1. Taking loop as defined by DSSP and a crowding limit of 16 other beta carbons within 10 Å, which trypsin sites (Lys or Arg not before Pro) in region 219-291 fit?
2. Arrange the following residues from fewest to most other Cβ atoms within 10 Å of their Cβ: Asp414, Asp488, Asp470.
3. Pull out a ≥ b ≥ c, the square roots of the eigenvalues of the alpha-carbon gyration tensor of region 9-387, then state rounded if a/c is under 1.5, prolate if not and a/b is larger than b/c, and oblate in the remaining case.
4. Can you classify region 429-506 as rounded, prolate or oblate using the Cα gyration tensor, where a ≥ b ≥ c are the square roots of its eigenvalues, rounded means a/c under 1.5, and otherwise it's prolate if a/b beats b/c and oblate if not?
5. Run lengths n ≥ 4 of DSSP H only: what is the helix-derived mean residue ellipticity at 222 nm for the chain, with -39500 (n - 2.57) per run over all residues, to the nearest 500?
6. Restricting the count to DSSP beta bridges whose residues both fall in region 372-515, what percent are antiparallel, rounded to a multiple of 5?
7. Step through the residues of region 271-277 one at a time and calculate ³J(HN,Hα) from phi using the Karplus curve (6.51 cos²θ - 1.76 cosθ + 1.60, θ = phi - 60°), rounding each to whole Hz and writing x for Gly and Pro.
8. Using the 10 angstrom Cβ neighbour count as an exposure proxy, how do Ile323, Ile338 rank, fewest first?
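What follows is calculated from the coordinates using simple rules that are stated; it is not laboratory data. These numbers come from a predicted model, not from an experiment. Here the Cβ is made from the backbone with ideal geometry for all residues, glycine too, and neighbour counts use every protein chain on show.
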Amino acid sequence: MRGVGKGGDGFVATALSLGTVVYLTRFPHNLGAADEGIFLYEAKRVLDGEVFYRDIFDIITPASHYVMAAAFRLFGTEFSTAQVVAAIVHGAIVALVYLACRTLNVRRPVALAAALAHLALCQSAWVYASPHWFSTALASLLLLLALRPDGTASRRGGFWLGAIVGWMIMVQQQKGVIFLPAVIVLLALRAVLERRFHPAHGGDWRSLNGRIAYLALGVAAVAVPSFLFLIARAGFGPVFYALVEHPMSNYHTINVVRSWGGVNFLSMPHAELTAPRFLAWLPAFLTPTLFRAARNWLRRERFEETASLSTLLVVSLFSAVSIAYNPDFIHIAFIAPIFFVAMAESTEWAMRKLLSPSRWLSPVGATVVGLILVGLCSWMTRNLIRAMDTYPINRDTAFGRVSFANDMVIELIDDIDEILADAPSREMFSYPYFPALYLLSGTKNPTPYQILLPPYSQPEQIRETIDILDSRRVHLIFVFPLFVKKDDPFVEYMREKYSQSKQHKLLWIRRPEPA
């Protein structure tokens, strides 16, 4: 079943990657106010020499931040740099989906449709540069390697799968710790299948132990030195609190989506760019895969096909588990490329059974796949045109050229410049979030927190922030009132020490200290 090294696939995958980069860099340079702002501003802080978990607080591991910081150093701290890096990551995902499909003997047009579905339906659900997309690329690479003949059948394969899991842990620890048992299941399942289908030769449990040992070695080769580096710079306590204690106890207070594929008022604009209901139903499309794997198991036939189908099922299942903490349609989009590979394989199987067993698509199959490709390309074109219409204003900022929907943020940046023109520093605090404002205005957050929002933020963190603002006499505070409650302790402090500016009602200027 597994087709490895087919002629021309490397060229097609490269062309898909380059085409993805060209397509995504055509979009307006609109900077996401919250999550993208956090990611890119923290990368800039890393570039400036600040230390994660000491000077910067976040609840995920920072490998993707270091990648972005390196890009800023090489190509400039501008939004265009971040946009290209994000486009390259998506180009990698598209290529990996295509290659995974081809490894499963999916014909090129069907594999191409699966790859383009990521751009049409996944990237459009979350158009921002994000560590999530780095994790998606790593999960796609893990699937591709696991589908190859020696991916789960050798110690070398176990090591490389472990190394990928190690990098996933260092990009988003919550996903990495889910994919580690996923790979253990894959290795164990391979041994079980060998014993079931080839009892005279398979079932060597000592060989399984060796594969798992090399898996652990691969994880450790990446994760151990990385964590030692983080702990050496910030200390064990701050690292443990940021990556374990805080997300376990506080994350749910601001991310309350509980239904699979849910849409709320904040994610509604993103939902219009994709197909939330289709994304929510993706697990249902695994039914043919499960049925065929079970049938082959019972009949003890088609060992390689069963191994491939089982790999698709395991990786898909654990991908779903990895987003169970917030399973809205956006998070489903982060794992959807794995499901697209499974869907493409099932589609290929059905077409060979019903329409054309040869390497060429039948006229009916070619028509159906052609319509799907046209539909996906039309969807992508629509999203590009819509983005250009939504963000028509281009402005040079401290973060390079950025596109805006209207003049509101531009006027805010101008007001900040005017207020800070005679201030002793460019320090400002944005409450409770809007970290993109630091990038756009060229200001500096003197606190570790890009988000400070009760009850997500602990009382000690709010007190620490107030102490920093007091000790540094920070001249300016921006307050975004949408999620600020009337009894907010930070607002009480701000009203005591700051006055609303004449330039902008959301900007507060520190009052002179009494003589």
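1. Arg258
2. Asp470, Asp414, Asp488
3. oblate
4. Note, shape of region 429-506 comes out rounded.
5. Calculated at 222 nm, the ellipticity per residue is -20000 deg cm²/dmol.
6. Around 70 percent of the beta bridges assigned by DSSP in region 372-515 are antiparallel ones.
7. Once θ is set to phi - 60°, the couplings for region 271-277 become 4, 5, 8, 9, 10, x, 5 Hz.
8. Listed from fewest to most nearby Cβ atoms, that is Ile323, Ile338.
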